[in-house]
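What follows is a set of notes on a single structure, which appears directly below.
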Amino acid sequence: MSDTIYITRCPVPTPLGIAAHLGWFEEEFGPDGIAVASLQDGRNDALRASHIDHSLRHSFRQGGSIPALWARSQGAATSVIGLTWIDEAQLILALPRSGIRNVRDLRGRRVGLPSRPGQRIDIFRAAALRGVLGALSTEGLGARDVELVDVAAADLSRAEVPALGEHFANPSSVTSRALYVAEVGALLRGEVDAIYAKGSLGLETAHLIGARIVIDIGFHPDPLVRINNGSPRPLTVDTAFIEARPDLVARFLRRVTDVAAWGRARPREVLDFLGLETGSTHDWLRLAYRDDVHTRLDTALAPAAVAALSQFKDFLLEWGFLPHDFSVPGWIDHSVLEHKEPQCI
């Protein structure tokens with residue numbers, strides 16, 4: 001096999017990201033002469049593309065489920081070896097002048113959806129649509145009750161912020177800070193009446209533009225309402241790696257799962273690392289992920305989480321975001337989680 005293991009994660013709370021910051025992967029594999037490289041740290045576009053299509057061998061990915069589901073749908077030979085469910089703020093935002101105070105007031109109004117048609121999978125459009133429909137469902141409303149308006153959007157490239165990017169532990173957190181620029185612009189210009197935003201950045205955005213939070217479904221009592229790109233987040237690996245070196249995959253997964261026990265005793269340190277990943281301060285992180293986020297870093301394969309991922313796959317397929325159907329339970333590989341060796345932290 002290769003003498004390098006590759007890792008990639010999104011600029012969001014993930015046990016993989018925390019384990020990377022702690023240096024656990026280097027500690028685990030360094031004595032074997034195996035290097036661990038983060039796709040976020042490189043400038044090779046071909047390698048970084050694997051964050052979406054998971055085409056790189058000997059690689060692990062933990063982050064939003066939409067790219068992972070899309071990659072599997074279009075034929076990537078990957079397996080899910082763990083799921084982490086960290087609920088986060090999921091907001092519908094409107095300006096006070098719109099008169100929108102609750103979900104019922106959205107009936108007949110214009111709701112902006114970002115559109116990036118040039119991308120292989122329009123991740124943020126899919127997530128926004130899911131969030132909007134989830135919010136509408138709390139009052140028995142659906143897509144036909146609002147006017148969905150396309151908002152042309154573009155991602156900020158890393159080349160546009162090279163100096164700033166040097167100060168962030170996860171360079172992706174820099175470009176993601178501009179995530180809602182297009183939707184916010186449309187809202188401020190009066191082209192739409194409401195938009196979707198999530199996480200700490202969503203809350204910061206709402207505060208920055210003086211928007212009203214119409215509803216936050218991120219902690220809704222019904223988990224079916226909360227299911228989205230980040231709930232749950234899968235940990236995937238190329239299947240060939242499991243077949244060739246199940247021992248290495250099991251050791252990697254053990255270090256990821258060890259983050260749960262480590263985090264439960266270290267709430268402040270968890271926020272420190274989440275700040276490095278997201279670019280947000282402790283106060284915004286507590287608001288977005290709640291004070292107990294340090295207790296919710298478990299990586300497992302709970303039946304409810306698997307069912308949620310399957311339901312989300314069905315949603316993406318129904319709305320045309322996935323090219324082909326597949327079985328989510330058949331995508332799950334329980335063998336790695338069942339055979340990893342425990343370790344005390």
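The values are calculated or read from the model by the stated rules, or taken from the named source; none is laboratory data. A quick note: this is a predicted structure, and the numbers were derived from the prediction, not measured. When we count neighbours, we look across all protein chains shown, and the Cβ atoms used for this are built from the backbone with ideal geometry, even at glycine. Note: areas computed on protein heavy atoms with side chains; ligands, DNA, RNA excluded. Shrake-Rupley method; radii C 1.70, N 1.55, O 1.52, S 1.80 Å.
How large is the convex hull of the C-alpha atoms of the stretch 193-317 per residue, in Å³?
146 Å³
So, counting K/R as plus one and D/E as minus one, what does the shell of residues with Cβ under 11 Å around Gly202 add up to?
Every neighbour counted, the sum reads -3.
Leaving ligands, DNA and RNA out of it, report the carbon-plus-sulfur percent of the accessible area of the chain at a 1.4 Å probe.
The value for the chain is 52 percent carbon and sulfur by accessible area.
Using a cut-off of 15 Å between beta-carbons, work out the net charge of the residues near Trp262 (Lys and Arg +1, Asp and Glu -1, Trp262 not included).
So the surrounding residues net to 0.
Which residues' amide hydrogens lie under 5 Å from the amide hydrogen of Ile5, considering only partners 5 or more residues apart or on another chain, with H built in the peptide plane?
Ala35, Val36, Ala37
Helix 199-209 versus the longest principal axis of the chain: what is the Cα-based angle in degrees, 0 to 90, to the nearest 10?
It works out to around 30 degrees.
Report the full-extension gain for the segment Arg266 to Arg107: residue separation times 0.36 nm, less the Cα-Cα distance, to one decimal in nm.
Taking 0.36 nm per residue and subtracting the Cα distance, the gain is 52.8 nm.
For the chain, what is the Kirkwood hydrodynamic radius in Å, using each pair of distinct C-alpha atoms?
Here the Kirkwood hydrodynamic radius works out to 20.5 Å.
Measuring with a 1.4 Å probe in the full set of protein chains, what accessible area per residue, in whole Å², belongs to the chain?
On a per-residue basis, the chain sits at 41 Å².
Could you estimate the translational diffusion coefficient of the stretch 49-110 from the Stokes-Einstein equation, with Rh from the Kirkwood formula over C-alpha pairs, at 25 °C and 0.890 mPa s, in whole µm²/s?
In µm²/s, the coefficient is 163.
Mind checking the dipole of the chain: about its Cα centre, +1 per Lys or Arg Cβ, -1 per Asp or Glu Cβ, Debye to the nearest 20?
Magnitude of the dipole: close to 740 debye.
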